[in-house]
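Colleague: I'd like to ask some things about the structure below.
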Amino acid sequence: MVNGKFSSVRRLCFVKKNLFLAAFLVFVPFSAQAAPQAALAMAGEPLYPPDFSHFDYVNPDAPKGGALKLGAVGTFDSLNPFIVRGQTPFGIGSGTMSLVYESLMVRGWDEPFTLYGLIAESVEVAEDRSSIIFSLNKAAHFSDGTPVTAEDVLFSFTTLRDKGRPNHRSYYKKVALAEKLSPLRVKFTFKRGGKDGGSGAIDREMPLIIGLMPIMPKHDWQDRDFNQTTLRTPVGSGPYKVTMVDVGHSITYERDSRYWAQDLSVQRGLYNFGKIRVDYYRDDSIALQAFKAGQYDLKRESDPAKWATSYDFPAIAQGRARVERLEHHRTEPAYGYIMNTRRALFADPVLRAALEYSFDFGWVNKNLFHGQVKRVDSFFPNSELAASGLPEGKELAILAPYRAQLPPEIFTTPVVPPEAASQEQFRANLLKAETMLREAGYKVEGNRLFAPSGAPVAFEILLNDPAEEKTALNWTRALDRLGIAARVHTVDSAQYQARLAAFDYDVTANKWLNSLSPGNEQMYFWGSLAAGQQGSRNYAGVKDPVVDALAASIPNAATREDIVAASRALDRVLMQGHYFVPLYYLGADTIASWTRVHHPEQMSLYGNVMESWWGQ
């Protein structure tokens, strides 16, 4: 349980489950439309009232102006963030720290999943969530002065549905009808969830998914090929405009002096810098040295080893720079060595399970990370969504209908990564792995392990960051003791992204990012359809009808209790599938910064909010 404020948030945020009307038509039957409201929670009521002045995690009096310099690793070659092709720079998209493109509504970071009006000043949601009407703020306009209208919303919807990223295509196809009610009002009606799309439950998350849809100007995009990369200066409705681009090296944003939403409560205390420049570095080591030399203002460190050993430089002692561990209560990334089950070698769950016993987490934590990290033990680590112990209550009720399709251990044995607190324990783990493989028909010949098919057990570990090499090399030494030949291969960012999108790897170090309110993205992470959809985040190639059913049930959960139970059930089944070798997480935002930039004292439920910083 988190502090009192967040406990009360959870009590406030979720209400009793709505009953769904039976329906067998493609389009949704009549449902009473609620009165206009300024915010929408996934379950329950929003934390902030309609007349709130600002979010609690911002400084509403933060000074405007100055410049923020940021560093990023890799490169970029496109300013189109809505397609799989190309690499786009930090800040250009519509997610966290979105500077150019905005969505209809924005997240409040003090709640699991609540949206507040931005381009849409109010919404009207049907009682069963079968439809939503967005009323646009008449003051909203793009950076070229053109008003944002219903035409722009419908253009964005149809373009992203038909030509956008796989997640957009998947989500937006759940819309049965999108219609313009007036120049500033748009209605979306959602399909039922049956196999034929015409019967079953409504996906309760869809009103929020549409609320987060990025809005593009129709007049700027309609005569261009949307599926091509571009370096054309984007036109958005956000607080910043792109003013300078050095392709692959840097991008500069300047605050739009005519930004239409600067006085809205949801934007007060945010986007304070007059100029933001992002410089790109070839690798993280170079980026770190550049930060220590004062070439940019803040660095969020994700490498625990570097955090422990690389931030004791003169500016810290002199008080010109600082290091901070900012606590948070969000779900940590599920980071691990992901095994690609599309490869014949990793189609065998016994091999995947055995490989979990071959990673020496205790040694890695002590010798590489100075005891600072925690073991990933879930696909929702650091949260109440993680499965623990044995299934009970609602979680057990959710899993019970699939008992015949699930391994019996699901109901008898807690699913946790093997412990390796000592070398004696790790040697026992290796012996366990060896026994599992031998009993499954694997054989060692000439110090090399062979699968029952006769193929050698050998694979490549694909990395994107040289900082990951020490951990991976330690793993390969343990694998060698089992007779497994594993090779570490680190590639540049562009090559890595291309191979990741094409599922061209045996094993890769990567992560899944989950919120405290998982929903439709779970099908994008684990769904059978996503397994064959290049560019999706089903990195492991999971194709399991039980996983499909559990992942699809999460967006339909109406209460927080239901969301937690469904998430735990999915987590338990995925962990039992042994799709990755779990690695580690920090459990806090570790940020180094120069004292010329500042952040609010109060963190949000989700932790640091980058756009709340300001300069001297």
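Colleague: Does at least one position in region 468-483 carry a residue that is of a type outside the set (S, T, N, Q), touching a strand residue (DSSP E or B) at 6+ places or on another chain (Cβ under 7 Å) and in a strand (DSSP E or B)?
Modeller: no
Colleague: Can I ask one more? Kindly provide the set of residues from region 234-249 that are assigned to a loop (DSSP other than H, G, I, E, B) and surrounded by 15 or more Cβ atoms within 10 Å (Cβ to Cβ), ordered by number. Working first, answer last.
Modeller: Initially, region 234-249 is screened for residues assigned to a loop (DSSP other than H, G, I, E, B), giving 234-239, 247-249.
If the condition is that a residue be assigned to a loop (DSSP other than H, G, I, E, B) and surrounded by 15 or more Cβ atoms within 10 Å (Cβ to Cβ), then Pro234, Val235, Gly236, Ser237, Gly238, Pro239 are the ones that fit.
Colleague: Run Gly441 past the list (1) more than 26 Å from the chain's Cα centre (by Cα); (2) over 30 Å from Arg330 (Cβ atoms); (3) not in a loop (DSSP other than H, G, I, E, B) and report the number of the one that doesn't hold.
Modeller: (3)
Colleague: So is Val415 assigned to a loop (DSSP other than H, G, I, E, B), aliphatic (A, V, I, L, M) and over 30 Å from Val73 (Cβ atoms) or not?
Modeller: Numbers: assigned to a loop (DSSP other than H, G, I, E, B): yes; aliphatic (A, V, I, L, M): yes; over 30 Å from Val73 (Cβ atoms): yes.
For Val415, the condition - assigned to a loop (DSSP other than H, G, I, E, B), aliphatic (A, V, I, L, M) and over 30 Å from Val73 (Cβ atoms) - is met.
Colleague: Condition check: free of Cβ contacts under 8 Å to residues at least 40 places away in the same chain and either over 23 Å from Asp504 (Cα atoms) or part of a helix (DSSP H, G or I) (or both). Does Ala433 satisfy that? Don't jump to the end; show me each part of the working.
Modeller: On the way: free of Cβ contacts under 8 Å to residues at least 40 places away in the same chain: no; either over 23 Å from Asp504 (Cα atoms) or part of a helix (DSSP H, G or I) (or both): yes.
Taking the combined requirement at face value, the residue does not satisfy it.
Colleague: Out of Leu368, Leu326, Leu351, I need the residue that is in contact (Cβ under 8 Å) with a residue 12 or more places away in the chain and in contact with a strand residue (DSSP E or B) (Cβ under 7 Å, 6 or more places away or on another chain). Which one? Even if it seems obvious, please write down each step before you answer.
Modeller: Details: Leu368 fails: in contact with a strand residue (DSSP E or B) (Cβ under 7 Å, 6 or more places away or on another chain); Leu351 fails: in contact with a strand residue (DSSP E or B) (Cβ under 7 Å, 6 or more places away or on another chain).
Answer to the selection: Leu326.
Colleague: List pairs: first in region 531-557 and over 13 Å from Gly519 (Cα atoms), second assigned to a loop (DSSP other than H, G, I, E, B) and among the basic types (Lys, Arg), Cβ under 8 Å, 6+ apart or cross-chain?
Modeller: As it stands, the answer is Ala531/Arg342; Ala531/Lys543; Gly535/Arg165; Gly541/Arg342, since those pairs meet every condition given.
Colleague: For region 48-90, which residues satisfy the criterion of being touching a Ser or Thr at 6+ places or on another chain (Cβ under 7 Å), crowded, with 20+ Cβ neighbours inside 10 Å and under 30 Å from Glu601 (Cβ atoms)?
Modeller: Selection gives Tyr57, Val58.
Colleague: Restricting to region 565-596, give me the number of residues that are out of contact with any helix residue (DSSP H, G or I) (no Cβ under 8 Å at 6 or more places or on another chain), buried (at least 20 other Cβ atoms within 10 Å of the Cβ) and more than 18 Å from Pro304 (Cα to Cα).
Modeller: 3
Colleague: Given the options Phe142, Phe188, Phe134, name the one that is under 30 Å from Arg255 (Cβ atoms), surrounded by 17 or more Cβ atoms within 10 Å (Cβ to Cβ) and within 26 Å of the chain's Cα centre (by Cα).
Modeller: From the options Phe142, Phe188, Phe134, the qualifying one is Phe134.
Colleague: Next question. Residue by residue through region 199-225, note down the ones that are among the charged types (D, E, K, R) and either buried (at least 17 other Cβ atoms within 10 Å of the Cβ) or touching a residue at least 12 places away in the same chain (Cβ under 8 Å) (or both).
Modeller: Passing the criteria: Asp203, Arg204, Glu205, Lys218, Asp220.
Colleague: State yes or no: is Gly615 farther than 22 Å from Ile410 by Cα and modelled with pLDDT under 95?
Modeller: Considered against the rule, which asks whether it is farther than 22 Å from Ile410 by Cα and modelled with pLDDT under 95, Gly615 comes out as no.
Colleague: Among (1) under 30 Å from Glu301 (Cβ atoms); (2) modelled with pLDDT of 95 or more; (3) outside any loop (DSSP other than H, G, I, E, B), which single condition is Tyr524 missing?
Modeller: Failed condition: (2).
Colleague: Find all pairs meeting these conditions: Cβ atoms under 7 angstrom apart; at least six residues apart or on different chains; first residue within region 463-490 and over 23 Å from Phe369 (Cα atoms); second residue charged (D, E, K, R) and assigned to a helix (DSSP H, G or I).
Modeller: Leu482/Glu434
Colleague: Residues to consider are Leu154, Leu208, Leu177; find the one that is assigned to a helix (DSSP H, G or I), hydrophobic (A, V, I, L, M, F, W, C) and more than 28 Å from Tyr48 (Cβ to Cβ).
Modeller: Values: Leu208 fails: more than 28 Å from Tyr48 (Cβ to Cβ); Leu177 fails: assigned to a helix (DSSP H, G or I).
Of Leu154, Leu208, Leu177, the one residue that is assigned to a helix (DSSP H, G or I), hydrophobic (A, V, I, L, M, F, W, C) and more than 28 Å from Tyr48 (Cβ to Cβ) is Leu154.
Colleague: If you go through region 290-308, how many residues are of a type outside the set (Phe, Trp, Tyr) and in contact with a Phe, Trp or Tyr (Cβ under 9 Å, 6 or more places away or on another chain)?
Modeller: Taking region 290-308 first, the residues of a type outside the set (Phe, Trp, Tyr) are 290, 292-295, 297-306, 308.
Still in the running and in contact with a Phe, Trp or Tyr (Cβ under 9 Å, 6 or more places away or on another chain): 290, 292, 294, 297-299, 301, 303-305, 308.
Residues flagged as of a type outside the set (Phe, Trp, Tyr) and in contact with a Phe, Trp or Tyr (Cβ under 9 Å, 6 or more places away or on another chain) within region 290-308 amount to 11.
Colleague: Quick check on Pro49: is it free of Cβ contacts under 8 Å to residues at least 12 places away in the same chain and in a loop (DSSP other than H, G, I, E, B)? It would help to see each step written out before you state the result.
Modeller: Numbers: free of Cβ contacts under 8 Å to residues at least 12 places away in the same chain: yes; in a loop (DSSP other than H, G, I, E, B): yes.
Judged against the criteria, Pro49 is a match.
Colleague: Out of all the residues in region 141-156, is one or more within 21 Å of Ala34 (Cα to Cα) and in contact (Cβ under 8 Å) with a residue 60 or more places away in the chain?
Modeller: no
Colleague: When you scan region 254-274, do you find a residue that is under 21 Å from Phe82 (Cα atoms), crowded, with 16+ Cβ neighbours inside 10 Å and in contact with a strand residue (DSSP E or B) (Cβ under 9 Å, 6 or more places away or on another chain), even just one?
Modeller: No, region 254-274 has no match at all.
Colleague: Can you find, within region 325-374, the residue that is surrounded by the fewest Cβ atoms within 10 Å (Cβ to Cβ) among those that are of a type in the set (Lys, Arg) and modelled with pLDDT of 95 or more? First the steps, then the outcome.
Modeller: First, the residues of region 325-374 that are of a type in the set (Lys, Arg): 325, 330, 342-343, 352, 366, 374.
Okay, now just the ones that are also modelled with pLDDT of 95 or more, so 342-343, 352.
Details: Arg342: 18, Arg343: 14, Arg352: 19.
Per the criteria, the residue is Arg343.
Colleague: Select, from Asp562, Asp544, Asp548, the only residue that is in the same structural domain as Phe359 (by TED's automatic domain parsing), at pLDDT below 95, out of contact with any strand residue (DSSP E or B) (no Cβ under 8 Å at 6 or more places or on another chain) and surrounded by fewer than 23 Cβ atoms within 10 Å (Cβ to Cβ). If you could, list the steps in order and put the result at the bottom.
Modeller: Working: Asp544 fails: at pLDDT below 95; Asp548 fails: at pLDDT below 95.
None of the others qualify; the one that does is Asp562.
Colleague: Just wondering, is there one or more residues in region 102-111 that are out of contact with any strand residue (DSSP E or B) (no Cβ under 8 Å at 6 or more places or on another chain), outside any helix (DSSP H, G or I) and not aliphatic (A, V, I, L, M)?
Modeller: Here is the first cut: in region 102-111, the ones out of contact with any strand residue (DSSP E or B) (no Cβ under 8 Å at 6 or more places or on another chain) are none.
Taking every residue of region 102-111 in turn, none turns out to be out of contact with any strand residue (DSSP E or B) (no Cβ under 8 Å at 6 or more places or on another chain), outside any helix (DSSP H, G or I) and not aliphatic (A, V, I, L, M).
Colleague: Go through region 452-467 and count every residue that is surrounded by fewer than 18 Cβ atoms within 10 Å (Cβ to Cβ) and out of contact with any Gly (no Cβ under 8 Å at 6 or more places or on another chain). Steps first, answer last, please.
Modeller: Of all residues in region 452-467, those surrounded by fewer than 18 Cβ atoms within 10 Å (Cβ to Cβ) come to 452-456, 458, 460, 465-466.
Among the residues that remain, those that are also out of contact with any Gly (no Cβ under 8 Å at 6 or more places or on another chain) are: 453-456, 458, 460, 465-466.
The qualifying residues number 8.
Colleague: Residues that are of a type in the set (S, T, N, Q) and closer than 21 Å to Val106 by Cα: does region 193-213 have at least one? Break it down stepwise before answering.
Modeller: From region 193-213, those of a type in the set (S, T, N, Q) are 199; that's our starting set.
Next, only the ones that are closer than 21 Å to Val106 by Cα stay: none.
Looking for residues that are of a type in the set (S, T, N, Q) and closer than 21 Å to Val106 by Cα, one finds none in region 193-213, hence no.
Colleague: So, one more: From the list Ile591, Ile554, which one is under 29 Å from Gly527 (Cα atoms) and either of a type in the set (Val, Ile, Thr) or touching a Cys at 6+ places or on another chain (Cβ under 8 Å) (or both)? Steps first, answer last, please.
Modeller: Values: Ile591 fails: under 29 Å from Gly527 (Cα atoms).
None of the other options fit; the residue is Ile554.
Colleague: Out of all the residues in region 244-271, which are polar (S, T, N, Q) and out of contact with any Phe, Trp or Tyr (no Cβ under 7 Å at 6 or more places or on another chain)? Working first, answer last.
Modeller: So in region 244-271, the residues polar (S, T, N, Q) come out as 250, 252, 257, 262, 265, 267.
Residues satisfying the conditions are Thr252, Ser257, Gln262, Gln267.
Colleague: Looking at Arg537 and the list (1) buried (at least 18 other Cβ atoms within 10 Å of the Cβ); (2) among the basic types (Lys, Arg); (3) assigned to a strand (DSSP E or B), which single condition is not satisfied?
Modeller: Unmet condition: (3).
Colleague: What is the number of the single condition among (1) touching a residue at least 40 places away in the same chain (Cβ under 8 Å); (2) closer than 30 Å to Tyr505 by Cβ; (3) surrounded by 21 or more Cβ atoms within 10 Å (Cβ to Cβ); (4) not acidic (Asp, Glu) that Ser302 does not meet?
Modeller: Unmet condition: (3).
The values are calculated or read from the model by the stated rules, or taken from the named source; none is laboratory data. Bear in mind that the values here come from a model prediction, so they are computed numbers and not experimental data. Note: ideal-geometry Cβ built from the backbone for every residue, glycine included; neighbour counts use all protein chains shown.
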